[in-house]
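Trainee: Pasting a structure below so you can have a look.
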Amino acid sequence: LVPFISMLFLTLLLLFLALFPGAFSCCTKISDEIPKGILRRVERFEIQKADGLCHLEAVILYIEGRKFCVSPRIRKVKKWMKKNKHKIPRRKPRGRKQRRARITKKKEKKQ
């Protein structure tokens with residue numbers, strides 16, 4: 001009987017995690033201030049609604065693999081989101097262009 005109950009509990013837990021993947025990634029605290037220049041470093045962001053499992057409205061900013069929860073009412077954040085229209089800002093790879101330019105210059109010198 002104990003193995004059956006354990007298996008049932010594990011199955012229900014896995015089912016819950018599959019149906020509600022964001023259940024454990026909700027912001028529980030938000031910042032009402034944002035440091036200067038931080039929005040330039042945002043890799044991606046999500047909007048957390050105050051419905052369902054998450055009980056707090058927030059903007060989740062992902063910077064260098066870390067997650068920051070800020071208030072969606074901050075004027076800077078509102079303006080930034082409007083400008084980016086919920087797009088994920090991407091950095092252009094600078095290293096590749098520089099390497100290609102160097103290789104091209106070396107080939108020109110050899111000829």
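The values are calculated or read from the model by the stated rules, or taken from the named source; none is laboratory data. What you are looking at is a predicted structure, and each value in this text was computed from that prediction instead of being measured. When we count neighbours, we look across all protein chains shown, and the Cβ atoms used for this are built from the backbone with ideal geometry, even at glycine. All accessible areas refer to the heavy atoms of the entire protein, side chains included, with ligands and DNA or RNA removed. Shrake-Rupley method; radii C 1.70, N 1.55, O 1.52, S 1.80 Å.
Trainee: Report, by chain and number, residues whose modeled amide H sits under 5 Å from the one on residue 48, excluding near sequence neighbours (fewer than 5 apart, same chain).
Mentor: 58, 59, 60
Trainee: Another question about this same structure. With the other protein chains left in place, how much accessible area per residue, in square angstrom, belongs to the range 20-88 at a 1.4 angstrom probe?
Mentor: On the way: 5130 Å² over 69 residues.
Value for the range 20-88: 74 Å² per residue.
Trainee: At 7 Å along the Cα-to-beta-carbon direction for both residue 50 and residue 2, put a label point, then send me their distance in nm to one decimal.
Mentor: Rounded to a tenth, the inter-label distance reads 4.6 nm.
Trainee: Then there's this: Return the inverse of the average 1/r over all pairs of distinct C-alpha atoms in the range 20-88, which is the Kirkwood hydrodynamic radius, in Å to one decimal. Mind showing how you got there, number by number?
Mentor: Details: mean 1/r = 0.0810 Å⁻¹.
Computed over Cα pairs of the range 20-88, the Kirkwood hydrodynamic radius comes out at 12.3 Å.
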